Amino acid sequence: MGLFDKFQTHIQTDDSHKNEALRTRYFAASPNAVLTWLSEQIKTQGETVRRVDSERGELAFNGEGWDALATIIQVDGGRTAVDFTMNRESRIGPDLGPLVTKYYEALEQKFPLRAIGNQSVER
């Protein structure tokens, strides 16, 4: 990440993000398993889960000075996509990129990773 990335008040992951760390992750797990586990993980990090909507695959949560929405959907047989949208209340505050990375790394420890963006990582 560059210097100006630290001042971003909004960050959103997607398949083709210029920063590979902020590309969509695809896991071999059911959406409900990912949603439930991620919700518990957020709580253990001391952050607040505001809303869980399993039908829409959304998990809204926040930390000190920022809020986030995780979108968790099944895209095809056995692959579940996880994306994050994060917003910071002011220009000064926590760097949002490492927050996303922290959650992706935790998910990768729990569930088999199948792809990052459009690149398969099947082993």
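Only the coordinates and a few stated rules stand behind these numbers; no lab work does. Please read these numbers as outputs of a predicted model, since none were measured by experiment. For neighbour counting, all protein chains shown are included, and Cβ atoms are generated from backbone atoms with ideal geometry for every residue, glycine included.
Can you quote the Å³ per residue value for the convex hull of the Cα atoms in the chain, rounded to an integer?
Numbers: hull volume 11.8 nm³, N = 123.
Once divided by residue count, the hull of the chain is 96 Å³.
Step through the residues of the range 48-63 one at a time and calculate ³J(HN,Hα) from phi using the Karplus curve (6.51 cos²θ - 1.76 cosθ + 1.60, θ = phi - 60°), rounding each to whole Hz and writing x for Gly and Pro.
Running phi through 6.51 cos²θ - 1.76 cosθ + 1.60 with θ = phi - 60° gives 9, 7, 8, 7, 10, 10, 5, 5, 8, x, 10, 9, 9, 8, 8, x Hz.
If you plug each phi of the range 98-105 into the Karplus form 6.51 cos²θ - 1.76 cosθ + 1.60 with θ = phi - 60°, what whole-Hz ³J(HN,Hα) values come out, in order, with x for Gly and Pro?
Per residue, the Karplus-derived 3J(HN,Hα) values read x, 5, 4, 4, 4, 6, 4, 5 Hz.
Any chance you could count the Lys pairs in the range 4-116 whose alpha carbons are under 20 Å apart, treating pairs 8 or more apart or on different chains as valid?
The number of close lysine pairs in the range 4-116 is 6.
Mind checking the angle between helix 31-44 and the chain's longest principal axis? C-alpha axes, 0 to 90 degrees, to the nearest 10.
40
Taking neighbour counts of Cβ atoms within 10 Å as a proxy for exposure, in what order, fewest first, do W66, W37 appear?
Listing W66, W37 from fewest to most nearby Cβ atoms yields W37, W66.
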